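Asks: Handing you this structure, nothing more for now.
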Amino acid sequence: MTFCLGIKLRSGLIAIADTRITSGTETTMAKKVYIHQGKQHSLFIMTSGLRSVRDKALTYFREVAEGNEEQFDRIYKAVNAFGLQLRRVAEEDKVALEKAGLHFNLYTIVGGQLKNDEEPKLFLLYPEGNWIEITQSTPFVIIGNSGFGKPILNRTVTYDSEMRQALKAAFLSFDSTRVSANDVDFPIDVLLYKPDSFNIAEHRYEKEDLRDISSQWEEELKAALNKIPEGWMDPALKKI
């Protein structure tokens, strides 16, 4: 499994991807983010699913995209292009994979801004090659191990959140997943993009970098739990 999160804000885009790869009883580390940047051209791709499908689709996409930036003036066109390459891989490999008991299940988050986009965009691409755009009403999407990290985002992040506040929530979303699932872990790659900058900032955090933040969050949760009023429990507890 994996954890990849994309958030769309008025102030820009945030993306986080873990690096743990689990295969049977073996775990390794690999980068799950691809970044393509040029003049008035910035996009990133994060994936969750079979690594072989991801690598092949991304190789095909690079061949189409690199050196031909002018054909992609809006990011949805790049999403369409990646979807076409994903279908191409499905035609080549899906039957063989399913015969081997492997499900063709690559999910993809694509974000960024190209020269004719009026604002940064964020998309979720399905294994079949179709997609949805992430909008202001629900400004984030998680692929991979998504269940543990959504509650804090639902409660704290909106389209108008400041980037610093949203990044804190994004990390805590990852951290909640990490402590609940053994197939998600550090290091994490963090991407930040501000509108019209055409520059994706990238930073990798190791476990030691954020250990104190994880510990503080755990203590804050315990303290908050202790502050919750208890009178409402009395009718139930009296029946014991």
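The values are calculated or read from the model by the stated rules, or taken from the named source; none is laboratory data. This one's a predicted model, so the numbers in the text were calculated from it and none came from an experiment. Cβ: placed from backbone, ideal geometry, glycine included. Neighbour counts: every protein chain shown.
Asks: Residues of the range 114-142 being among the polar types (S, T, N, Q) and in contact with a strand residue (DSSP E or B) (Cβ under 9 Å, 6 or more places away or on another chain), which ones? Break it down into steps so the answer makes sense when it comes.
Replies: Pass one, the range 114-142, residues among the polar types (S, T, N, Q): 116, 130, 135-138.
Residues satisfying the conditions are THR135, GLN136.
Asks: Among what's in the range 82-133 and is in contact with a Leu (Cβ under 8 Å, 6 or more places away or on another chain) and of a type in the set (Gly, Ala, Ser), pick the residue that is nearest to TYR193 (Cα to Cα).
Replies: Restricting to residues being in contact with a Leu (Cβ under 8 Å, 6 or more places away or on another chain) and of a type in the set (Gly, Ala, Ser), the top hit is GLY112.
Asks: Out of the residues in the range 162-174 meeting the condition of being more than 16 Å from MET1 (Cβ to Cβ) and touching a residue at least 40 places away in the same chain (Cβ under 8 Å), tell me which one is surrounded by the fewest Cβ atoms within 10 Å (Cβ to Cβ).
Replies: Residues of the range 162-174 that are more than 16 Å from MET1 (Cβ to Cβ), as a first pass: 162-172.
Checking the rest, the ones that are also touching a residue at least 40 places away in the same chain (Cβ under 8 Å) come to 162-163, 166-167, 170-172.
Details: GLU162: 11, MET163: 18, ALA166: 25, LEU167: 18, ALA170: 26, PHE171: 21, LEU172: 19.
Only one residue tops the list, namely GLU162.
Asks: Filter the range 139-151 down to the residues that are surrounded by fewer than 19 Cβ atoms within 10 Å (Cβ to Cβ) and either in contact with a Leu (Cβ under 6 Å, 6 or more places away or on another chain) or modelled with pLDDT of 95 or more (or both) and list them by number.
Replies: Within the range 139-151, LYS150, PRO151 qualify.
Asks: Residues GLY49, GLY129: which one is at pLDDT below 95, closer than 30 Å to LEU153 by Cα, crowded, with 17+ Cβ neighbours inside 10 Å and small (Gly, Ala, Ser)? Before the answer, list the steps.
Replies: Values: GLY129 fails: at pLDDT below 95.
Answer to the check: GLY49.
Asks: Moving on. Anything in the range 31-62 that is small (Gly, Ala, Ser), more than 17 Å from LYS194 (Cα to Cα) and outside any helix (DSSP H, G or I)? List them, or say none. Please lay out each step first, then the result.
Replies: Initially, the range 31-62 is screened for residues small (Gly, Ala, Ser), giving 38, 42, 48-49, 52, 57.
If we keep only those that are more than 17 Å from LYS194 (Cα to Cα) too, we end up with 48-49, 52, 57.
Correct list: SER48, GLY49.
Asks: Which residue pairs have Cβ atoms closer than 7 Å, lie 6 or more positions apart in sequence or on different chains, and pair a first residue in the range 12-25 that is without any contact (Cβ under 8 Å) to a residue 60 or more places away in the chain with a second residue that is of a type in the set (Ser, Thr, Tyr)?
Replies: Close Cβ pairs satisfying both conditions: ILE21/THR27; ILE21/THR28.
Asks: I'd like to check which strands (runs of 3 or more DSSP E) are fully inside the range 63-176 and have at least 2 residues that are in contact with a helix residue (DSSP H, G or I) (Cβ under 6 Å, 6 or more places away or on another chain) and not small (Gly, Ala, Ser). Spell out the reasoning first.
Replies: Details: elements: 107-114, 121-125, 131-133, 140-144.
It comes to 107-114, 121-125.
Asks: PHE198 versus (1) more than 22 Å from LEU43 (Cα to Cα); (2) in contact (Cβ under 8 Å) with a residue 60 or more places away in the chain: which is the lone unmet condition?
Replies: Result: PHE198 fails condition (1) only.
Asks: Here's another thing I want to ask about it. Which one is nearest to MET1 (Cα to Cα), of the residues in the range 175-202 that are of a type in the set (Val, Ile, Thr) and in contact with a Phe, Trp or Tyr (Cβ under 7 Å, 6 or more places away or on another chain)? Spell out the reasoning first.
Replies: In the first step, residues of the range 175-202 are kept if they are of a type in the set (Val, Ile, Thr); the result is 177, 179, 184, 188, 190, 200.
Within this subset, residues satisfying the condition of being in contact with a Phe, Trp or Tyr (Cβ under 7 Å, 6 or more places away or on another chain) are 177, 184, 188, 190, 200.
Details: THR177: 11, VAL184: 7, ILE188: 14, VAL190: 18, ILE200: 25 Å.
Residue satisfying both the conditions and the ranking: VAL184.
Asks: Something else: Cβ-Cβ distance below 8 Å, separation of 6 or more or different chains: which pairs start in the range 209-221 with a residue that is within 13 Å of LEU172 (Cβ to Cβ) and end on one that is part of a helix (DSSP H, G or I)?
Replies: That search, which allows pairs on different chains as well, returns LEU210/PHE171; LEU210/ASP175; ILE213/PHE171; ILE213/ASP175; SER214/ASP175; TRP217/LEU172; TRP217/ASP175.
Asks: Go through ASP196, ASP209, ASP160 for me and flag whichever is at pLDDT 95 or above, of a type in the set (Asp, Glu) and touching an Asp or Glu at 6+ places or on another chain (Cβ under 9 Å). Full working, then the answer.
Replies: Numbers: ASP209 fails: touching an Asp or Glu at 6+ places or on another chain (Cβ under 9 Å); ASP160 fails: touching an Asp or Glu at 6+ places or on another chain (Cβ under 9 Å).
Of ASP196, ASP209, ASP160, the one residue that is at pLDDT 95 or above, of a type in the set (Asp, Glu) and touching an Asp or Glu at 6+ places or on another chain (Cβ under 9 Å) is ASP196.
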